[in-house]
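Enquirer: What follows is a structure written as structure tokens; I'll ask about it next.
The values are calculated or read from the model by the stated rules, or taken from the named source; none is laboratory data. Predicted, not measured: the structure shown is a model, and the values here were computed from it. Glycine also receives a Cβ, built like all others from the backbone with ideal geometry; neighbour counts cover every protein chain displayed. Ligands, DNA and RNA are excluded from the accessible area calculation, which covers all protein heavy atoms including side chains. Shrake-Rupley method; radii C 1.70, N 1.55, O 1.52, S 1.80 Å.
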Amino acid sequence: MGPILLNCTGSDHQEYIKQQVQVKNPYLDTMEEDILYHFSLSTKTHNLPEMFGDIKFVCVGGSANRMKSFAQFIHQELKLPGHPEVRDICEGTDRYCMYKVGPVLSISHGMGVPSISIMLHELIKLLHHAQCRDVVLFRLGTSGGVGLAPGTVVITDKAVDYSFRPQFEQVVLGKVITRSTELDEGVASELLQCSSELQNFPTVIGKTMCTHDFYEGQGRLDGALCSFSHEEKLEYLRKAYEAGVRNIEMESTVFAAMSRVCGLRAAVICVVLLNRFEGDQITSPHDVLVEYQQRPQVLVSHFIKKRLGLAA
């Protein structure tokens, strides 16, 4: 398994030293106890290095049910002993769910930037407290396609905002802090290679636009509010496509920005449920949508198995 370099320079970089997951908060060192409230975990009540120290892959997604299904799926894919019925580590809270399967952590993050950002703060602190090393982080999701057919899987190279800029703006103490949203090129290329080996579904690399809303923010005409015309919607989508955007979702910018700042190699893999040039509502049959939603899981599972030397 290849090493992951976290903000290394000079001889450290040349020697490929594996470092722990980093947090960028000096105040954490002064705390007697760190309560990960939304995970129902704590540095005093739980032995985090013992529980999570062997984690190498973290997979996050919006739906609690989907991430439980992924945990059961990866249990079978890794051919681990025992029954694939997994236990929710966060059962003491109803905010998120978390399942550990060997070196893989599967976590739900809810919908939108605020929900995933809370989860990411506590996840990154968890990995830090557990002294995890060489971790790769994945977001598995669904999205609206921009000029792509339903069922296409998009591997994000850059997450962009509503103006197609590769940045995330966070308001801190009334001031706007801008962070880069570029994702790890090596992981993206490795995932694309995995997709070519599977040959089960079309896969592309492109930019992913992150919005703060499912309806107006994504140019939908079917929300409770709509202040623009069909022609204006299509013009905006055309501009997005020309800027390299291939899909739209609601979490990628903060996911990319926080992963990058904390030295985590990360990737966003989302399946397209519809082509937004052709409509706004998702009309595919339920069984088709279920199969679509499994595609990012199948791709990341193959990536993990290759890294662990288990791929056929």
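Enquirer: Could I have the simple spin-label model distance between Gln131 and Lys175, label points 7 Å from Cα toward Cβ, reported in nm to one decimal?
Expert: 3.6 nm
Enquirer: Determine the order of Thr45, Thr178, Thr283, Thr203 by accessible area, beginning with the largest, at a probe radius of 1.4 Å.
Expert: Result of the area sort, largest leading: Thr283, Thr45, Thr178, Thr203.
Enquirer: Hey, another quick one. Among the lysines, which fall within straight-line cross-link reach of Lys306, defined as a Cα-Cα distance under 17 Å, with same-chain neighbours fewer than 8 residues apart omitted?
Expert: Of all the lysines, those that pass the test against Lys306 - Cα under 17 Å, at least 8 places apart if same chain - are Lys56, Lys79.
Enquirer: Ignoring ligands, DNA and RNA, what percent of the 1.4 Å accessible area of the chain is carbon and sulfur?
Expert: 50 percent
Enquirer: Taking θ = phi - 60°, what integer Hz values does the Karplus form 6.51 cos²θ - 1.76 cosθ + 1.60 yield along the range 169-178, in sequence order, with x for Gly and Pro?
Expert: Whole-Hz 3J(HN,Hα) from phi for the range 169-178: 9, 10, 8, 10, 6, x, 10, 8, 9, 10.
Enquirer: So, with +1 on the Cβ of K and R and -1 on the Cβ of D and E, and no other charges, what is the size of the charge dipole of the chain about its Cα centre, to the nearest 20 debye?
Expert: 440 debye
Enquirer: Leaving out ligands, DNA and RNA but keeping every protein chain, what accessible area does Asp287 have, in Å² rounded to the nearest 10, with a 1.4 Å probe?
Expert: Accessible surface of Asp287 is approximately 110 Å².
Enquirer: Could you work out how far helix 286-307 tilts from the main Cα principal axis of the chain, as a 0 to 90 degree angle to the nearest 10?
Expert: 40 degrees
Enquirer: Would you work out which of His129, Thr30, Val86 lies farthest towards the positive end of the dipole of the range 22-134, given +1 charges on the beta-carbon of Lys and Arg and -1 on that of Asp and Glu, about the Cα centre?
Expert: Toward the positive end, the furthest listed residue is Val86.
Enquirer: Could you pull out the GluC sites (Glu not before Pro) across the range 242-283 that fall in loop regions by DSSP (anything but H, G, I, E, B) with no more than 12 other Cβ atoms inside 10 Å?
Expert: Loop-located and lightly packed - Glu278.
Enquirer: What value, in deg cm²/dmol to 500, does the helix sum -39500 (n - 2.57) over DSSP H runs of n ≥ 4 give at 222 nm once divided by the residues of the chain?
Expert: Calculated at 222 nm, the ellipticity per residue is -10000 deg cm²/dmol.
Enquirer: Place a label point 7 angstrom from the Cα of Ser284 along the Cα-to-Cβ direction, then list the residues of the range 67-103 whose backbone nitrogen is under 18 Å away.
Expert: Flagged as within label range: 67, 70.
Enquirer: Treating the angle as unsigned and between 0 and 90°, give the value, to the nearest 10°, between the Cα long axis of helix 64-77 and the longest Cα principal axis of the chain.
Expert: The angle comes out at about 60 degrees.
Enquirer: Which of the lysines could a cross-linker span from Lys175 if the Cα-Cα distance has to be under 25 Å and same-chain partners fewer than 8 positions apart are dropped?
Expert: By straight Cα distance, Lys175 reaches Lys24, Lys125, Lys158.
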